Amino acid sequence: MIKLWIIFVTVTTINGLSRVHVKRQFTDPFLEPDSVVVDSYDDSILVRDPLSDWLSGLFPSTTKQPPLGDTPKDCKSCECGIPNDHTRIVGGMETKERLLPWMGLLTYNWRFYCGCTLITDRYALTAAHCLKGFQPRYIRVHLLEHDVKHLKNDTIRGVVGYKIHNQYDANTYNCDIALIKLDKPVEFKGPLRPVCLPDFKKSFTGMEGIVTGWGATRENGPLADKLQQVTVPIMSNQQCKESKYGANRITENMLCAGFQTGGKDSCQGDSGGPMHIVSGLGIYQQAGIVSWGQGCARPDYPGVYTRVNRFRSWIERNSADSCRCT
């Protein structure tokens, strides 16, 4: 009875919490390449919940780091980043269903709480704050879903374990990135495909970022039922440091996007989901992971994302026992 109550408290606190801003400091993620699984409860862009922190201290986790298996030898040729064009009409409004087939949602004890993206047949990418302190056995990765109120559960995987970058800082949210290892591979057929990883060293400044998720459509509002999409301009890090966040809060591992006047942004519930850029050939690359921000769509407070291409080598090294598409 105690275990069930603890899980309920941990999950329900997530939905009611709001974003905060914190002081930032820079640490180069390539100094120490290994990753670890950590277990104490903390939810990055969300306000810390004292009760959940106290409970996690009383009942520490024994989660183990998932082993890296052998490199597969029977991987089939496949392509990443190609969207599906299937559309349907719902209530008089056109919504694109399964347009981005790599888009995943995470549930904890079968309740939605974060987004993720499929990057290989065995791994999904998300924010570290979506996993830190959570027990893998209660996490599920749902793919090819559109409506969180009516999950089809026809492509769902359990979680063997996860890897959080060893320099993730729960106070500054630097290196807010993690890999989820699925309990069994998915097969890339029909509509299911992974997203492409971003090109090395590109800043993406001035490009349009496409953010998708089931988060709130306004600050302190309810979560969206259906997958939402918003397009925001990607800023240079210098521009972001000149925003109200200030220079010390933004590191080279972060990427900012949004309008100076506000109005469009990611929000609570979008955490761990992707910000894409689209190449001239229409191929989607994941440039960012929804990480943190001050409120939602406030003027001069852009959304802040983990800069994925800073961690591409780390991602490839720690998912080498899976099949990837090109």
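The values are calculated or read from the model by the stated rules, or taken from the named source; none is laboratory data. Not measured: the values here are computed from a predicted model. So basically every Cβ, Gly included, is an ideal-geometry build from the backbone, and we count neighbours across all protein chains shown. Quick note on the areas: whole protein, heavy atoms, side chains included, nothing else; ligands and nucleic acids left out. Shrake-Rupley method; radii C 1.70, N 1.55, O 1.52, S 1.80 Å.
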Order by accessible surface, 1.4 Å probe, largest leading, for residues Phe200, Phe259 comes to Phe200, Phe259
Going through Lys189/Lys264; Lys181/Lys226; Lys76/Lys226; Lys181/Lys244 one by one, the pairs whose alpha carbons sit over 30 Å apart turn out to be Lys189/Lys264; Lys76/Lys226; Lys181/Lys244
Links exceeding 25 Å between C-alpha atoms in this model, out of Lys132/Lys241; Lys96/Lys241; Lys73/Lys163; Lys73/Lys132; Lys163/Lys184, come to Lys132/Lys241; Lys96/Lys241; Lys73/Lys132
For 192-198, 156-162, 71-77, ranked highest to lowest by mean beta-carbon neighbours within 10 Å, the order is 192-198, 156-162, 71-77
Rounded to two decimals, the Rg over Rh value of the stretch 115-157 from Cα coordinates and the Kirkwood Rh reads 0.96
